Amino acid sequence: MSAPREQFGSKIGFILAAAGSAVGIGNIVGFPVAAAKNGGAAFLLIYACFIAFICLPVMLAEMGLGRRSQHSPRKAYAELGQGLKRWEFAGWLATFTPFMIAVFYMVITVWIFGYLVQSLLGNLDLLASEGYFATFVNEQSFLLYLAGVTAITYLILVGGVRNGIERASKILMPALFIMLILLVIFVLTLEGSWSGVQFYLIPDFSRINGAVINGALSQAFFSLSLGMGILITYGSYFRRSDDIVTSAKLVAVTDTSVAFIAGLMTLPAIFAIFPDTNVDSLSDSSISMVFSFFPNIFLALSDTIGYLAASIAATIFFLLAFVAAITSLVSIIEVPTSSFMEKRDVPRKKALLTIGTLITILTLIAATSFGLVPWFTSFVHYAGVDKSVFDVITDVFYDTILPLNGLLICLFVRFRWKRAQLTAELSEGNPGYGNSWFGKYVNVAIGTFIPVILAAVFINTVFNKFFAISII
Ligand code: PHE
């Protein structure tokens, strides 16, 4: 006999856990930089519309499917798909995707942890030195930091849904908000920071084009942790009496607010320290911003506030990024773990050790693909360039399969599970949902234009990433 399915203990516990998943490096760095480069408030407006009208319905579908089936993604699709092979494939994809994204996210979280330790040790000058990041990624200390991140993740997940994920989120998420607000207040007191605020908040619609719109949608989709099976799994830990709709809305609002507030920290800091910054010259990549650009901002700050205070600010920033990353990492590792527990009927600890070992091995492979092991570094060749194992994981799973998974759940709701069933599921805990304008909107949109838009993003990404052809 298998143990009864675990459940979240409270609505706020679920909201904080799901917000913990959603709030990640994408919010702290990805969103602010994308907004700065692409028209400030104009980008924000488009992004917020995507969150409300495209991502939120997909989020509701994922959570509804999870709670209806009370299973992890693979079995949820298999059961509600009534044994049809193609839906089993969708469930399998929704289990394998988080497994691979966990590898990619693990590598970045380990780096953040390393930077946190180094700034705590007072080595900010080292972090900011020219070319340090390229050396850092190939240092043996990676193993030490990996052990640290693995241990923290394990300790949270082994506690289970209520005593592990929910409890950690209840501590870590408020801590994250406090650190973020402290940093924003600090940055806004710096001379010259208001030009950054202005730059951020004044809309510039001339920068909006097809590629920016596509980017905003991908960013919104990733930021809400969609297409990764996470919300199907978390939905399955919901009680029947819980209100999924309000919870999902609150998660979306929290996630978007954190992204917006992070912009009030990042851009003013950049403008205060480097007033002549041309935003077009900022890197598109969150990775190079966090690890190469930000340490320089903090170091430059030591001219005015002293090295110690600058190191403290850097430590708080990396701690903030680390907390954001670890709560996301936990949510994503929970997906294959819960699938494994379900499929093999094994206890959580055993499932966690098996999945954890596999992810650690793949993380080591991905981490050695930055020059250390030449075969992993030039692993394959497409779109005219050599790609490392890390690049392949990012291109295939993060960029391409995420929108595909979103498309598949829309098609599943439309053609197999049926929209009336989704509405009925979401009405439990929120009886007025079916007749509300939003309920009616989701009912239409999820079966019509949302899948069309996601299909367009998917096709565009395939051409773009693998054949270097830009359609949009
Ligand atoms: N939502 C996270 C972010 O914005 C992304 C993420 C979530 C990645 C969960 C992995 C796991 O950074």
How many residues, within segment 7-64, are within 15 Å of the ligand (Cβ to nearest atom) and either touching a strand residue (DSSP E or B) at 6+ places or on another chain (Cβ under 8 Å) or hydroxyl-bearing (Ser, Thr, Tyr) (or both)?
-> 2
Every residue from segment 403-423 that is among the polar types (S, T, N, Q) and over 15 Å from residue 67 (Cα atoms) | 405
In segment 133-162, what count of residues is obtained for those that are under 25 Å from residue 17 (Cβ atoms) and of a type in the set (Asp, Glu)?
-> 0
Is there a residue being at pLDDT 90 or above, within 16 Å of the ligand (Cβ to nearest atom) and surrounded by 20 or more Cβ atoms within 10 Å (Cβ to Cβ) anywhere in segment 271-285?
-> no
Of all residues in segment 346-400, count the ones that are assigned to a helix (DSSP H, G or I), crowded, with 18+ Cβ neighbours inside 10 Å and of a type in the set (D, E, K, R).
-> 4
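Results for (1) hydroxyl-bearing (Ser, Thr, Tyr); (2) buried (at least 22 other Cβ atoms within 10 Å of the Cβ); (3) outside any helix (DSSP H, G or I), shown as yes or no for each residue.
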position: 8; (1), (2), (3): no, yes, yes
position: 26; (1), (2), (3): no, yes, no
position: 31; (1), (2), (3): no, yes, no
position: 35; (1), (2), (3): no, yes, no
position: 43; (1), (2), (3): no, yes, no
position: 48; (1), (2), (3): no, no, no
Please find, within segment 446-469, the residue that is surrounded by the most Cβ atoms within 10 Å (Cβ to Cβ) out of those that are outside any helix (DSSP H, G or I) and either of a type in the set (A, V, I, L, M, F, W, C) or under 21 Å from the mean Cα position of the chain (by Cα) (or both).
-> 446
For segment 70-85, the count of residues that are crowded, with 22+ Cβ neighbours inside 10 Å and in a helix (DSSP H, G or I) equals 4
Flagged pairs (Cβ under 9 angstrom, 6 or more apart or on separate chains; first in segment 420-444, touching a residue at least 24 places away in the same chain (Cβ under 8 Å); second among the hydrophobic types (A, V, I, L, M, F, W, C) and surrounded by fewer than 14 Cβ atoms within 10 Å (Cβ to Cβ)) are 443/420
Hey, can you tell me all the residues within segment 234-265 that are within 16 Å of the ligand (Cβ to nearest atom), more than 20 Å from residue 450 (Cβ to Cβ) and among the small types (Gly, Ala, Ser)?
-> 257, 259, 262, 263
Of the listed residues (226, 231, 217), the one being surrounded by fewer than 24 Cβ atoms within 10 Å (Cβ to Cβ), within 16 Å of the ligand (Cβ to nearest atom) and either closer than 16 Å to residue 53 by Cβ or modelled with pLDDT of 95 or more (or both) is 217
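The values are calculated or read from the model by the stated rules, or taken from the named source; none is laboratory data. Bear in mind that the values here come from a model prediction, so they are computed numbers and not experimental data. With ideal geometry, Cβ positions are generated from the backbone for all residues, glycine too; neighbour counts draw on all protein chains shown.
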